[in-house]
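A.B. asks: Can you read through this structure? Questions will come right after.
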Amino acid sequence: MDFLLKALGIGLTIAGAKKIKHNIGEEIKRKNTICRFDGGISKEEFYTMVKCGGKGIRRITSLYAEGAMVYGTVRSNSGISDWCFRIDFNDYGKLTGAYWLSTGNIDSNIPKLVASRIAQQIKNYPDSVDGSFKEEFYREEAEQRRRKQATAYCPYCGKQVPDEEAKFCMYCGMRFRI
């Protein structure tokens, strides 16, 4: 009887290890599939959905997307520190509304709230595109065009400076004349 229990325990351990290995393999496969935004939702529309997903949450200090990955920074309740979260909307190269969340503060519901808002917009697309969404989309496009046009160059090294109001060059460190 003792032998059967040991054999059963070993068998379950091996089955569990195979399941974990399969799950890790699937996770790597999902993450490595590039999200091309060639379906219904364009990259710009997704970025607008991200921006709309964080509206009204005052503690969010930064919320942006790179590809299908959303990054956010939240100010702590005390206001002394910040913590970050990441939401992955890449579901084998498609935006389906499914997401994977990682956060620096597991006690907060802010990342889950932002993720569920964005996921709801993705699931309801194109019905989620109303007048305010289109207005926000065109405002975001205009802001991106303005940023591209308003680029400055360092007079010392000639590199492009991303912030035209910067006081120092981030490449050579020289101070700009004011």
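A.B. asks: Take the residues in the range 93-114 that are more than 14 Å from the chain's Cα centre (by Cα) and over 21 Å from residue 57 (Cα atoms); name whichever of them is most open to solvent (accessible area, probe 1.4 Å).
C.D. replies: That would be 94.
A.B. asks: Filter the range 68-92 down to residues that are touching a Lys or Arg at 6+ places or on another chain (Cβ under 6 Å) and free of Cβ contacts under 8 Å to residues at least 60 places away in the same chain and give me whichever is least open to solvent (accessible area, probe 1.4 Å). Quick ask: steps written out before the conclusion?
C.D. replies: Of the range 68-92, the ones touching a Lys or Arg at 6+ places or on another chain (Cβ under 6 Å) are 71, 74-75, 82, 92.
Still in the running and free of Cβ contacts under 8 Å to residues at least 60 places away in the same chain: 71, 74-75, 82.
Working: 71: 68, 74: 0, 75: 93, 82: 78 Å².
Across the range 68-92, the extreme among qualifying residues is 74.
A.B. asks: Quick check on residue 112: is it at pLDDT below 75, at negative phi, out of contact with any Gly (no Cβ under 6 Å at 6 or more places or on another chain) and of a type in the set (Lys, Arg)? Before the answer, list the steps.
C.D. replies: On the way: at pLDDT below 75: no; at negative phi: yes; out of contact with any Gly (no Cβ under 6 Å at 6 or more places or on another chain): yes; of a type in the set (Lys, Arg): yes.
No, not satisfied.
A.B. asks: Which of the numbered conditions does residue 58 fail, given that it passes all the others? Conditions: (1) outside any helix (DSSP H, G or I); (2) touching a strand residue (DSSP E or B) at 6+ places or on another chain (Cβ under 9 Å); (3) surrounded by 10 or more Cβ atoms within 10 Å (Cβ to Cβ); (4) modelled with pLDDT of 90 or more.
C.D. replies: That leaves (3) as the condition not met.
A.B. asks: I've got another one for you. Need the failing condition index for residue 40 against (1) out of contact with any Pro (no Cβ under 6 Å at 6 or more places or on another chain); (2) farther than 22 Å from residue 140 by Cα, just the number.
C.D. replies: (2)
A.B. asks: I'm told residue 129 meets every condition in (1) surrounded by 12 or more Cβ atoms within 10 Å (Cβ to Cβ); (2) modelled with pLDDT of 90 or more; (3) in a loop (DSSP other than H, G, I, E, B) except one. Can you identify the failing condition by its number?
C.D. replies: Going through (1) surrounded by 12 or more Cβ atoms within 10 Å (Cβ to Cβ); (2) modelled with pLDDT of 90 or more; (3) in a loop (DSSP other than H, G, I, E, B) one by one, residue 129 breaks only (2).
A.B. asks: Would it be correct to say that residue 117 is open to solvent by 70 Å² or more (accessible area, probe 1.4 Å), in contact with a Pro (Cβ under 9 Å, 6 or more places away or on another chain) and under 30 Å from residue 26 (Cβ atoms)? Quick ask: steps written out before the conclusion?
C.D. replies: On the way: open to solvent by 70 Å² or more (accessible area, probe 1.4 Å): yes; in contact with a Pro (Cβ under 9 Å, 6 or more places away or on another chain): no; under 30 Å from residue 26 (Cβ atoms): yes.
Criteria not met by residue 117.
A.B. asks: Also, quick follow-up: Quick one: in the range 10-49, which of the residues that are of a type in the set (Gly, Ala, Ser), more than 16 Å from the chain's Cα centre (by Cα) and modelled with pLDDT of 60 or more is farthest from residue 117 (Cα to Cα)?
C.D. replies: If we take residues in the range 10-49 being of a type in the set (Gly, Ala, Ser), more than 16 Å from the chain's Cα centre (by Cα) and modelled with pLDDT of 60 or more, then 25 is farthest from residue 117 (Cα to Cα).
The values are calculated or read from the model by the stated rules, or taken from the named source; none is laboratory data. Note that the structure is a prediction, hence the values are computed from the model and not measured. Positions of Cβ are backbone-derived with ideal geometry, glycine not excepted, and every protein chain shown enters the neighbour counts. Keep in mind that these areas ignore ligands, DNA and RNA; they rest on the heavy atoms of the full protein, side chains included. Shrake-Rupley method; radii C 1.70, N 1.55, O 1.52, S 1.80 Å.
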